[in-house]
Structure formats: structure tokens, C-alpha cells
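The values are calculated or read from the model by the stated rules, or taken from the named source; none is laboratory data. All figures in this text were calculated on a predicted structure; none of them were measured in a lab. As a convention, Cβ positions derive from the backbone with ideal geometry for all residues, glycine included, and neighbour counts pool all protein chains shown. Heads up: the accessible areas ignore ligands, DNA and RNA and are worked out on the full protein's heavy atoms, side chains in. Shrake-Rupley method; radii C 1.70, N 1.55, O 1.52, S 1.80 Å.
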Amino acid sequence: MDSKKNMIISIIIPCYNEEGNITELYEKIKYVLDEKKIEFIFIDDNSNDNTLSIIEKISDRDKTVKYVSFSRNFGHQSALRAGLEKASGNCVISMDADLQHPPEVLKSLLGKWEEGYDIVYTIRRDNAINPFKRMSSAFFYKLSNYLSDVKLENGSADFRLLDRKIVDILVNDISEYHLFYRGLVSWLGFR
Ligand code: UDP
Ligand code: MG
């Protein structure tokens, strides 16, 4: 579908004490998606380092950069919610600020969306993390899949692309207080 090539891509980035990563992440995304129309939305989850002032500086220079600033630390999933609410793009990509979600992958996410998929998600390779986290993570997914009808793939990440129609459902029709977007998105269905 050629028409998607000129559409607006929102990238929402929750940030908690990420002063050392934000500029590098922003520049890498710009470089990887240089021919795309991007809207950046940084959500500062009440960091106690210079995260917010770095975001403000980038936003002063670049009008495609917007941000939300939280009054206290609400947590990653609440920051994602604020980003989804503020995003205006035809699709919304969520990614972490700490460079653990490689910007190079953005092109593949967009390629799948252009092919017609509404949700494109990523899975972390388990050799990328330390043995303790690998074991506790595997246990979490086993337990979650045992207890719940909503199946999650081991290593699912909050690095994903959602088409506008999915974002509208999440923002307008779902008012869960205890948010867990990996589960919610899987539960929604869609391609
Ligand atoms: N984060 C946040 N609020 C928090 C903790 C984390 O917005 O209270 C952000 C953090 O800056 C990062 C993302 O959420 O961009 C994921 O956090 P983290 O890297 O700590 O998670 P992990 O890599 O362990 O899954
Ligand atoms: Mg991380």
C-alpha cells in the first residue's frame, strides 16, 4: 500500500532518568527514518535527573518533538497511555528511551504496517539479557500464559507499532486502571 508511505508516524518514548540516552536516541531515529514524517512524543515520568530539560531543548529546536511531563512518577505503562492519548499519527510506535530497542528495527515495523498489518510487535532475543532476568522473564510468561486466556509470547516487549484504529480503541474504549499493554494489545485481536 503506497499511500501509507507519506503518513505521519508518532513515536512515543517513556523516559525515567534517561539523560544519557535521549539525544542519541532522537538522532538515531531521525537518521533511520530521514525520509518519513515523524512526530516524537517524549513522556517524562518525573525524572530526577536532566531528562526533562534535555527534552525541552530538543523540542525548542524541532517542532516535530512534543512532550508530556508527569507531576510524579506514575510508571512506564501510564507513560505509554499518555503517549497514546497525545499521539496524532496514522500509526504509533512505542519504544524505550534506554537504547534497548534498536532504532534500526523501525524500518521493519513500518514495512509490515505498509503491507497491511495493524499491530506489529517485537520479541527480545533472550541472549541479549543476563541469566537472572532471562529466567525470571521466562517464568513470568509461563505463569501469565497458565493463568490467562490471553497468550503472550516469551520476551514480548513494549516496542511495537499500532495502527491508528487500534490506538483509538485503546484510548477511547479501554479505561483499565492497572495497565499492561502487552496483554491488552494481544487480547484485542486484529492482524
Ligand atoms: N520508565 C518510565 N517510568 C518508570 C520506569 C521506567 O517511564 O517508572 C521508562 C524507562 O525510561 C524506559 C522504559 O520505561 O524508557 C522501560 O523501562 P526499563 O528500561 O527500566 O524497563 P526494562 O528494560 O527493565 O523492561
Ligand atoms: Mg530497559
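Tabulated values for the structure
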read-out	value
MRE, 222 nm, helices only [DSSP H, n ≥ 4, -39500 (n - 2.57), over the chain, to nearest 500]	-12500 deg cm²/dmol
Length added when fully stretched, S53-T23, from 0.36 nm per residue minus Cα-Cα	9.7 nm
Listed residues D158, D62, D98, most fluctuating in the chain (Gaussian network, C-alpha, under 10 Å)	D62
Rounded to whole Å, sorted largest first: equivalent-ellipsoid semi-axes of the chain, Cα gyration tensor	25, 21, 17
Amide N proximity, the stretch 49-82 versus E176 label position 7 Å along Cα-to-Cβ, cut-off under 16 Å	75-82
Debye log10 I(q)/I(0) for the stretch 85-191, one point scatterer per Cα, at q = 0.19 Å⁻¹	-1.11
Accessible area of the stretch 74-120 divided out per residue, in Å², using a probe of 1.4 angstrom	38 Å²
Long-range Cα-Cα pairs in the stretch 50-148 (distance over 21 Å), rounded percent	54 percent
Placed amide H near I11: partners under 5 Å, 5+ positions off or other chain	E39, F40, I41, I93
Gaussian network model of the chain, springs between alpha carbon atoms under 10 Å - residue of K133, K112, K142 with greatest fluctuation	K133
Cα-based convex hull volume of the stretch 4-72 per residue, rounded to whole Å³	78 Å³
Among S175, S47, S137: highest mean-square fluctuation, GNM of the chain, C-alpha pairs under 10 Å	S175
Computed FRET value (nearest 0.05) for D34 with K4, which takes r as the C-beta separation and R₀ as 25 Å	0.90
Accessible area of the chain belonging to carbon and sulfur atoms, whole % at 1.4 Å probe	52 percent
Simple label model, 7 Å out from Cα along Cβ direction - V105 to A157, nm	0.3 nm
Straight-distance crosslink candidates among lysines, where the alpha carbon sits under 21 Å from K28 and sequence neighbours closer than 8 are dropped	K5, K36, K37, K57, K63, K66, K107, K112
Under the span-like rule (Cα at least 20 Å along the axis, Kyte-Doolittle mean at least -0.5), DSSP H helices of the chain	131-147
Efficiency of FRET from Cβ geometry, R72 and F190, R₀ 41 Å, rounded to 0.05	0.75
